[in-house]
Amino acid sequence: VQNQKFAEVSDAGGLGVGYVLGKFDGILGLGFEGLSLGGAHTVFKNAIDQGVVAQPMFAFNLGDNQDGELTLGGYDNTQFTGEITWVALSEPKYWLIDIEDVSAGSFSSGATNGIVDSGTSLITGPSMEIMEVARSVGARPNMLGQYTIDCEKVASLPDLEFHINGKAWPVPGKDLVIEASGTCLFAMMGMDIPTGPKWILGDVFMRQYYTIFDYGGERVGFAQPN
C-alpha cells in the first residue's frame, strides 16, 4: 500500500490501563472510513483502491489455542465447512449488525445490535445486562470492572446465544471463561457506549466461527470452522 497516512500517539493514558501497561507497536483498524479522522483513507481502503487485494474482503479464523489465519483480499475455503451465512451491516462504519436477541439461561436481551470486532478480546454488552448474566451464573465483579467465577462452576455454565438473521449462534458456556494462574475470568464485560453499539462480539465469539468481513458488499459472513 502506497502513500499511507499514519498517526503517532505519544500518550495513550486516556485509553485505559491496558494501553498504559501493554506493549503495542501500533494499532491497525479494519473498519470503514466513516471512523477516520482528518479524512485519512484506511489501509484496507487504500489496498482496495490501489488493486493490492484481489477482492474487497478479509477473513479470520482465530484458532483456539492453535494457529489462526487472517486472509486479506478474500477468504479461505479450506478453513470452514458448510455454507456461509451472510448478514447485512446496519451501518458501514463499524461492522455493525442487528441482533434479534442475546440469551443465556433465563436472560434475554430482546432486539439489539452489536459489532463484530477482532480488536476486542472479550464479549461486551450494556453494564446492567452483563451484570444480570453474571449474577445468574454466579460470577462476581472485581476492581477492574470484570467478573470472575469459581473454576468448579465452569462445566455447568449455560451457552450464550446470539440470535442473528433468524439463526442462533452459540458460544458454549465452557468458552465463556478464560483461565489464567488458577483464576477463571468470565469472558463478558460491561461497557456502555452512549452513541455506539450495544454489544461487541469480540474474540470470544469469533473463535467459534470463521468470520468474513465483506467490505465491498457491506456484510459479514459466518461459517463453521474446521
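Tell me which residues, restricted to segment 54-73, are open to solvent by less than 80 Å² (accessible area, probe 1.4 Å) and out of contact with any strand residue (DSSP E or B) (no Cβ under 6 Å at 6 or more places or on another chain). Within segment 54-73, 56, 62, 63, 64, 73 meet the criteria. If you go through segment 94-103 one residue at a time, do you hit one that is of a type in the set (Ser, Thr, Tyr), farther than 16 Å from residue 184 by Cα and either surrounded by fewer than 16 Cβ atoms within 10 Å (Cβ to Cβ) or out of contact with any Leu (no Cβ under 9 Å at 6 or more places or on another chain) (or both)? No, every residue in segment 94-103 fails to be of a type in the set (Ser, Thr, Tyr), farther than 16 Å from residue 184 by Cα and either surrounded by fewer than 16 Cβ atoms within 10 Å (Cβ to Cβ) or out of contact with any Leu (no Cβ under 9 Å at 6 or more places or on another chain) (or both). Taken together, the residues in segment 115-146 that are within 15 Å of residue 187 (Cβ to Cβ) and in a strand (DSSP E or B) amount to 5.
Taking segment 143-190 as the range and being among the acidic types (Asp, Glu) and either under 18 Å from residue 223 (Cα atoms) or in contact (Cβ under 8 Å) with a residue 12 or more places away in the chain (or both) as the test, the residues that pass are 150, 159, 161, 175, 179.
Can you tell me which residue within segment 121-141, out of those that are among the polar types (S, T, N, Q) and over 13 Å from residue 105 (Cα atoms), is surrounded by the most Cβ atoms within 10 Å (Cβ to Cβ)? Only one residue tops the list, namely 124. You will find that of 109, 90, the residue that is polar (S, T, N, Q), surrounded by 10 or more Cβ atoms within 10 Å (Cβ to Cβ), in contact with a Gly (Cβ under 8 Å, 6 or more places away or on another chain) and on the phi < 0 side of the Ramachandran plot is 109 and no other.
The values are calculated or read from the model by the stated rules, or taken from the named source; none is laboratory data. Since this is a predicted model, take the numbers as computed values, not measurements. When we count neighbours, we look across all protein chains shown, and the Cβ atoms used for this are built from the backbone with ideal geometry, even at glycine. When the accessible area is computed, the model is the full protein with side chains, heavy atoms only, and any ligands, DNA or RNA have been set aside. Shrake-Rupley method; radii C 1.70, N 1.55, O 1.52, S 1.80 Å.
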